[in-house]
Amino acid sequence: MKILLSCLLFFNLMCFLLFALDKRKAQRSQRRIAEKTLHLATLPGAAPGAWAAILLLRHKNRKAAFWGVTLGLTLLQGAVLYFAWPYFQAPL
């Protein structure tokens, strides 16, 4: 369980940092990180990191299509967590 939580923390941190890097590139008019890459970074359980970046950094917060995909990934991750949770519980 500790390994899973450590991995999730790592993925969320990396996702947040990737969003921050893209925001910085946008401010400097540099070549941006593709939205597909940002969504792929969100996929492995990093929806909280993506939402933190969207809300705290105000990055991609006006793009409804981006929000829609991020919301879909969040719901997918929630469903996986809901149905997989019993398998992560320690046996009594």
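The values are calculated or read from the model by the stated rules, or taken from the named source; none is laboratory data. Just so we're clear, the structure is a prediction, and the values are computed from it rather than from any experiment. Every residue, glycine among them, receives a Cβ derived from its backbone with ideal geometry; neighbour counts consider all protein chains shown.
Per this entry, M1 is counted among residues that are within 27 Å of Q89 (Cα to Cα) and in contact (Cβ under 8 Å) with a residue 60 or more places away in the chain.
Filtered by the rule that a residue be at pLDDT below 95 and in contact with a Pro (Cβ under 9 Å, 6 or more places away or on another chain), segment 2-21 gives C7, L8.
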